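Colleague: The structure's right below; bear with me while I get my questions together.
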Amino acid sequence: MFDAAPSPGQNRTPLPPAQSPADGVPSPRTPAGAREEQTRTDRPARQRDAFFDNAKYLAIVLVAIAHSWEPLKGDSRILEGVYTVVYSFHMPAFIIISGFFSRSFDMRPDRLKRLLTGVAVPYVLFETAYPLFKNLVVDGSHEQISLLDPWYLTWFLCALFVWRLTTPVWKLVRWPLPLAIGIAMLASVTPTIGDDLDLQRILQFLPYFVLGLCMKPEHFHLVRRRWVRVASVPVFAAALAVGWWAVPRMNTAWFYHRDAAQELGAPWWCGPVMVLAMMGCSLLLTACFFAWVPGRRTWFTALGAGTLYGYLLHGFLVKLADYRGWFDHPWLHHPLGEITVSVLFAAVVTLFCTAPVRRVFRFAMEPKLEWAFKQDAAQLARERSRGEQREKAGV
């Protein structure tokens with residue numbers, strides 16, 4: 001989800017290839033003397049696509065806004081209906097993008113290293129930071145640190161780590177998506193799974209990640225067609241109406257995918273049915289969301305590279321406001337107050353995605369940790385080969 005991913009669109013910059021070329025391997029038509037210069041100047045432009053950066057930024061804004069609605073939605077049926085609609089697609093959209101850009105993942109040392117530094121280390125740091133933050137802000141709090149019980153937002157990092165490690169398996173089996181859906185359905189009727197590593201969420205959200213692995217660039221082009229964009233308007237309108245209707249009739253915990261059917265007080269057979277029903281609704285609204293994501297570069301395109309920062313940092317503001325009782329002000333429980341809170345959190349998460357904030361917190365989100373890893377002999381050989389090519393080109 002959070003790996004830099006650049007977007008399909010009609011007459012837009014082409015999507016990145018399914019498999020990124022290995023370091024040091026030039027394009028077949030690249031002149032030998034220009035290989036190194038092309039590697040330095042052209043690779044970032046080829047690897048980033050505006051559509052995906054735009055989609056990630058817009059999705060993280062929806063995540064932050066939805067989190068700010070949680071303490072307010074109980075007083076407004078309309079707000080809770082909108083909340084359920086947003087919750088039905090914003091995380092599936094993130095997860096599908098994460099799966100799409102995990103297609104080239106294998107057990108190569110450099111990719112495992114990026115997985116550890118970009119996902120595992122932030123998980124450990126923020127799984128530690130959130131409880132400490134609560135203990136600091138809330139008098140008398142003695143929240144314990146547990147790496148096995150993801151706290152608040154860190155569940156996604158844990159899930160992404162597991163999903164990406166299993167990528168080679170999904171690329172190997174013949175019917176990956178039906179298998180992933182079957183696993184999710186079985187998880188929904190297995191309350192004994194427990195809370196360790198939020199395994200319920202990992203398994204129930206698994207089909208979206210596997211779907212992303214199975215997708216190709218042309219699939220995103222399909223939802224960028226004009227007729228899909230037009231059709232998405234009545235679809236979203238209908239979804240909002242259904243969301244409003246379902247507020248007193250449906251438990252919103254189904255949208256979180258963190259409990260089995262029995263834990264929600266429903267018969268066991270409701271689990272598989274709701275997995276399929278929720279997935280159908282989520283994919284439909286995700287397609288509508290993608291249809292309206294700009295395919296061109298916009299003022300917020302560059303912010304799509306910092307969604308990990310926005311995702312993890314905005315949680316401290318949400319929790320601070322909750323701990324301090326800021327959401328209890330009566331004015332905030334009226335339409336104008338709800339709109340103000342939404343705009344505020346959209347602005348804050350945007351700020352957290354900016355380059356200055358990323359530079360400050362890069363030590364936690366994208367640490368190098370070269371000292372912690374053995375030198376890869378193949379990588380060293382590639383670097384020596386590039387050095388020799390530079391010397392020859394200089395001569």
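Colleague: Of all helices (runs of 4 or more DSSP H) completely enclosed by the range 176-263, which ones contain at least 1 residues that are more than 30 Å from Ile145 (Cα to Cα)? Lay out the reasoning, then the answer.
Modeller: Values: elements: 176-187, 199-204, 206-214, 217-223, 226-246.
The helices (runs of 4 or more DSSP H) meeting that bar are 176-187, 206-214, 217-223, 226-246.
Colleague: In this structure, is Arg174 surrounded by 19 or more Cβ atoms within 10 Å (Cβ to Cβ), over 20 Å from the mean Cα position of the chain (by Cα) and farther than 21 Å from Trp254 by Cα? Give the derivation first.
Modeller: Working: surrounded by 19 or more Cβ atoms within 10 Å (Cβ to Cβ): no; over 20 Å from the mean Cα position of the chain (by Cα): yes; farther than 21 Å from Trp254 by Cα: yes.
No, not satisfied.
Colleague: Could we say that Ala347 is part of a helix (DSSP H, G or I), of a type in the set (Gly, Ala, Ser), modelled with pLDDT of 95 or more and under 30 Å from Glu366 (Cα atoms) here?
Modeller: Yes; evaluated as a whole, the condition is true for this residue.
Colleague: For Thr286, state whether it is under 22 Å from the mean Cα position of the chain (by Cα), farther than 21 Å from Leu179 by Cα and modelled with pLDDT under 95. Break it down into steps so the answer makes sense when it comes.
Modeller: Working: under 22 Å from the mean Cα position of the chain (by Cα): yes; farther than 21 Å from Leu179 by Cα: yes; modelled with pLDDT under 95: no.
No: the conditions fail for Thr286.
Colleague: Would you check which residues across the range 87-114 are more than 26 Å from Thr286 (Cα to Cα) and in a helix (DSSP H, G or I) and list them?
Modeller: Within the range 87-114, Pro109, Asp110, Arg111, Leu112, Lys113, Arg114 qualify.
Colleague: Turning to a different aspect of this structure: Take the residues in the range 57-109 that are under 16 Å from Leu213 (Cβ atoms) and among the β-branched types (Val, Ile, Thr), then tell me which one is surrounded by the fewest Cβ atoms within 10 Å (Cβ to Cβ).
Modeller: Residues of the range 57-109 under 16 Å from Leu213 (Cβ atoms): 92-107.
From what is left, the residues that are among the β-branched types (Val, Ile, Thr) are 95-97.
Numbers: Ile95: 25, Ile96: 29, Ile97: 30.
Only one residue fits best here, namely Ile95.
Colleague: If we scan the range 276-291, do we find a residue that is surrounded by fewer than 17 Cβ atoms within 10 Å (Cβ to Cβ), hydrophobic (A, V, I, L, M, F, W, C) and not in a helix (DSSP H, G or I)?
Modeller: no
Colleague: Please verify whether Gly304 is in contact with an Asp or Glu (Cβ under 6 Å, 6 or more places away or on another chain), surrounded by 15 or more Cβ atoms within 10 Å (Cβ to Cβ) and of a type outside the set (S, T, N, Q), treating the condition exactly as stated.
Modeller: Considered against the rule, which asks whether it is in contact with an Asp or Glu (Cβ under 6 Å, 6 or more places away or on another chain), surrounded by 15 or more Cβ atoms within 10 Å (Cβ to Cβ) and of a type outside the set (S, T, N, Q), Gly304 comes out as yes.
Colleague: Continuing with the same structure: Of a type in the set (D, E, K, R), under 21 Å from the mean Cα position of the chain (by Cα) and exposed (fewer than 15 other Cβ atoms within 10 Å of the Cβ): which single residue out of Arg359, Arg324 fits that description?
Modeller: Of Arg359, Arg324, the one residue that is of a type in the set (D, E, K, R), under 21 Å from the mean Cα position of the chain (by Cα) and exposed (fewer than 15 other Cβ atoms within 10 Å of the Cβ) is Arg359.
Colleague: Filter the range 174-215 for residues that are hydroxyl-bearing (Ser, Thr, Tyr) and in contact with a helix residue (DSSP H, G or I) (Cβ under 6 Å, 6 or more places away or on another chain); which is farthest from Leu264 (Cα to Cα)?
Modeller: Tyr208
Colleague: Could I ask something else about it? From the list Leu222, Leu276, pick out the single residue that is modelled with pLDDT of 95 or more, in contact with a helix residue (DSSP H, G or I) (Cβ under 9 Å, 6 or more places away or on another chain) and not small (Gly, Ala, Ser).
Modeller: Leu276
Colleague: If you go through the range 298-336 one residue at a time, how many are touching a helix residue (DSSP H, G or I) at 6+ places or on another chain (Cβ under 8 Å) and within 24 Å of Ala50 (Cβ to Cβ)?
Modeller: Residues in the range 298-336 being touching a helix residue (DSSP H, G or I) at 6+ places or on another chain (Cβ under 8 Å) and within 24 Å of Ala50 (Cβ to Cβ): 16 in total.
The values are calculated or read from the model by the stated rules, or taken from the named source; none is laboratory data. Small disclaimer: the values here were computed from a predicted structure and weren't measured. We place every Cβ from the backbone using ideal geometry, glycine too, and count neighbours over all the protein chains shown.
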